[in-house]
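Read the structure below first, then the notes.
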Amino acid sequence: MYKLCFFVPDSHLESVKEAVFAAGGGRIGDYDRCCFQTRGLGQFRPLAGANPHLGRVGDEERVDEWKVELVCNDGQVKAVMAALRSAHPYEEVAFDLWPLTDPDSLEL
């Protein structure tokens, strides 16, 4: 099991979530389309050679974005990451991907 966290502008929030869910992300037991999302302010500056979706090369940009967090099974993680990259509007997608410990394997 993995936890995926990604950042996406408001304009593409629903379409990117749809792609990630369709690839198998956000499933917990007998539930699907599970995620947590929070608003925030993203910042970046495109450097020479970049082809930014927003802003201009050399100019610092600030964008209202969403942070989306969800889980993904081992068998779907590659498809989920491919869907995220394909559906996301940014040239470079900001994300975190962590392997999770199986709670049944812990001695509590």
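Taking other Cβ within 10 Å of each residue's Cβ, how do HIS88, HIS53 sort, fewest first?
The fewest-first ordering by Cβ neighbours comes to HIS53, HIS88.
On a 0 to 90 degree scale, rounded to 10, what angle separates helix 77-87 from the longest Cα axis of the chain?
30
Report the relative contact order of the chain, percent, no decimals, based on alpha-carbon pairs under 8 angstrom and at least 6 residues apart.
Worked out over the chain, it gives 44 percent.
Among ARG33, ARG39, which comes first, then next, by fewest other beta-carbon atoms within 10 Å?
ARG39, ARG33
If you fit an axis through the alpha-carbon atoms of helix 13-22 and take the longest principal axis of the Cα set of the chain, what angle between them do you get, 0 to 90°, nearest 10?
Roughly 40 degrees, rounded to the nearest 10.
With each pseudo-label sitting 7 Å past Cα toward Cβ, what's the LEU54-ASP10 distance in nm, one decimal?
Those two pseudo-labels are separated by 0.9 nm.
Going by how many other beta carbons lie within 10 Å of each one, how would you line up GLU14, GLU65, fewest first?
Result, fewest neighbours first: GLU14, GLU65.
Bear in mind these aren't lab numbers, they're just calculated from the coordinates by the rules spelled out. None of the values given here were measured: they were computed from a predicted structure. As a convention, Cβ positions derive from the backbone with ideal geometry for all residues, glycine included, and neighbour counts pool all protein chains shown.
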